[in-house]
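The values are calculated or read from the model by the stated rules, or taken from the named source; none is laboratory data. Everything numeric here is computed off the predicted structure, so don't read it as measured data. With ideal geometry, Cβ positions are generated from the backbone for all residues, glycine too; neighbour counts draw on all protein chains shown.
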Amino acid sequence: MRTVNSYKCSFCDKLYESKDSCRSHESRCYFNPKTKSCASCAFLKYDSYVYKPNYTCSVKTCMKNHDVTGRLKTKCDDYFFKNAIGSAEKIEQAGKFYNPVPQVKKYLNKIGLQVETNLSVSSTPDIEIGLYDDEYFSLLANAYLDKLVSAVGYKILFLTESELSKTNDLITDNDLDMHFNLQHEGIDDAISLFSFIGIPTETIYDLINKISKELPKTLEYAYPLIIQSEVSYNKHMAEAFEWIGDEGSAYYFKKMASMSENMKGIETVFNDFFPNIKIDNLLKEKVPAFHENCFKKITELSPDLRDKIIAGLKKNTVEELISDVPF
């Protein structure tokens with residue numbers, strides 16, 4: 001542990017160890033009025049729209065009718081600082097011509113949501129949450145689902161190897177317990193992720209059990225499922241951090257993805273514990289198909305899980321996110 005001097009951005013409170021880095025950031029910070037960005041503009045809105053009964057989706061819109069549903073703007077000619085004198089009058093004037101529905105409907109259709117209502121506003125969440133692009137949360141949600149696929153793979157592996165241990169006297173009970181502990185850890189890792197964002201442990205356990213019963217109970221299926229889900233998880237995490245400009249974290253997850261793609265790694269673990277059983281060579285072209293099949297099962301059994309993940313991420317991490325806004 002070491003004590004460091006830090007420099008705080010005057011606009012978003014992000015911390016830097018270097019004065020030069022902080023000064024460079026301030027010149028382009030989205031909360032700096034000089035950049036004329038949505039983050040500090042009076043015309044940015046962030047509302048939850050009811051797109052079908054009992055379902056809402058939060059969308060960013062601009063009262064000047066610029067399309068900011070996907071990415072926010074900067075250096076905008078219509079920018080007006082939200083804390084400037086006269087902002088209330090500017091907002092009132094813009095409201096006369098403000099019609100977000102066409103853009104909101106287009107955006108919802110783009111992300112795969114079927115609109116079944118007139119898109120009324122149900123609530124207005126904290127605007128700070130909306131400053132992170134929905135694409136960022138979408139990529140994180142993909143990573144969470146990858147972890148769930150991995151947990152299903154570990155569950156299938158546990159069931160398959162439990163049966164093998166009953167019919168084959170291959171290793172000692174202590175070694176077998178240690179091997180099974182690794183599988184339980186893989187499942188628990190996924191469970192803890194979902195629990196952190198408010199999704200009940202029982203819900204995820206139930207989903208893992210149901211899906212594992214419907215998929216093949218073979219080693220040739222379980223191992224590729226685990227491998228591909230870990231690769232996909234790390235790639236999605238890398239993409240998410242690239243999206244918000246966190247190059248350090250993106251590099252780390254890219255490196256982890258590359259390591260996960262080593263097909264021999266997990267087979268070696270198996271062969272160490274079961275030296276007398278040889279599983280067929282894992283064909284790389286089959287691996288993505290196994291992952292996609294499991295992903296499909298998750299969607300069928302819990303069609304709204306992805307929306308719940310995104311909602312949980314936005315709700316539970318907003319304070320952490322705002323303390324480290326990547327602009």
- Item | Close pairs (6 angstrom Cβ cut-off, 6 or more residues apart or separate chains): over 14 Å from Pro102 (Cα atoms) in the stretch 46-67, surrounded by fewer than 19 Cβ atoms within 10 Å (Cβ to Cβ) and of a type in the set (D, E, K, R) anywhere | Lys52/Glu116
- Message: Could you tell me how many of the residues in the stretch 26-41 are surrounded by fewer than 19 Cβ atoms within 10 Å (Cβ to Cβ) and touching a residue at least 40 places away in the same chain (Cβ under 8 Å)?
- Response: 4
- Could you run through the stretch 46-100 and say how many residues are touching a Ser or Thr at 6+ places or on another chain (Cβ under 7 Å), among the aliphatic types (A, V, I, L, M) and in a loop (DSSP other than H, G, I, E, B)? 2
- Looking at Glu261, Glu230, which one is out of contact with any Phe, Trp or Tyr (no Cβ under 9 Å at 6 or more places or on another chain), assigned by TED's automatic domain parsing to the domain that holds Phe295 and either closer than 13 Å to Asn142 by Cβ or at pLDDT below 75 (or both)? Glu261
- Task: May I ask you to verify whether Lys64 is at pLDDT 85 or above and farther than 24 Å from Lys314 by Cα?
- Result: yes
- Message: Looking for something crowded, with 20+ Cβ neighbours inside 10 Å, of a type outside the set (Lys, Arg) and within 30 Å of Gln114 (Cβ to Cβ) - is there at least one such residue anywhere in the stretch 71-92?
- Response: yes
- Query: For Asn109, are the conditions met, namely being under 30 Å from Ala238 (Cβ atoms) and either surrounded by 16 or more Cβ atoms within 10 Å (Cβ to Cβ) or at pLDDT below 85 (or both)?
  - Reply: yes
